[in-house]
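The values are calculated or read from the model by the stated rules, or taken from the named source; none is laboratory data. Predicted model, so just to flag it, every value in this text is computed and none were measured. Using ideal geometry, Cβ is built from the backbone for each residue, glycine included, and neighbour counts are taken over all protein chains shown. Surface areas here come from the heavy atoms of the whole protein model, side chains and all, with no ligands, DNA or RNA. Shrake-Rupley method; radii C 1.70, N 1.55, O 1.52, S 1.80 Å.
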Amino acid sequence: MKYTIDKKESYTIITIDEKKLDTTVAPDLKSEFVKLNAEGINNLILDLSNVKYTDSSGLSSILIANRLCNSTGGLLVLTGLQDHVMKLITISKLESVLHILPTVEEAIDRVFLHAIERDLTDKE
């Protein structure tokens, strides 16, 4: 699987450099999510702007990342969704479960907002 990881202090950006997120790619992606979570990374931005197609196994890997991030108080944000990927998410009725934003910059802002909201909630 081709991808890049850009680790920052408060978040990590994973850019998928594949046209398809399917059964040939999804297992490696799931493993990467689990490894990053074990390293203590809980805010992920998944840039899917290169992905033109995904199937249920690709969607499953995204849901695993979402669950891992949520379980540690973090956030998964998807960016750059192409039409086919967005249709699958909509058909699966997951657009209300997943955080989806158009650009990486907006996703970064959302991660920082999430951290502020979490800090305010913890103080109450």
Compactness ratio of the chain: Cα Rg over 2.2 N^0.38 Å, N = residue count? 1.00
Excluding residues on the same chain fewer than 8 positions from K87, give the lysines whose Cα lies under 27 Å from its Cα. K2, K19, K20, K30, K52
Excluding ligands, DNA and RNA, what is the solvent-accessible area per residue of the chain at a probe of 1.4 Å, expressed in Å²? 54 Å²
Nearest 500 deg cm²/dmol is fine: what mean residue ellipticity at 222 nm does the chain get from its DSSP H runs of n ≥ 4 alone, each adding -39,500 (n - 2.57), divided by its residue count? -15000 deg cm²/dmol
For the chain, the percent of accessible surface on carbon and sulfur atoms (probe 1.4 angstrom, ligands and nucleic acids excluded) is 53 percent
Size of electric dipole in segment 41-124: Cβ of Lys, Arg +1 and of Asp, Glu -1, about Cα centre, debye, nearest 20: 300 debye
What is the distance in Å between the Cα centres of segment 74-99 and segment 16-57? 13 Å
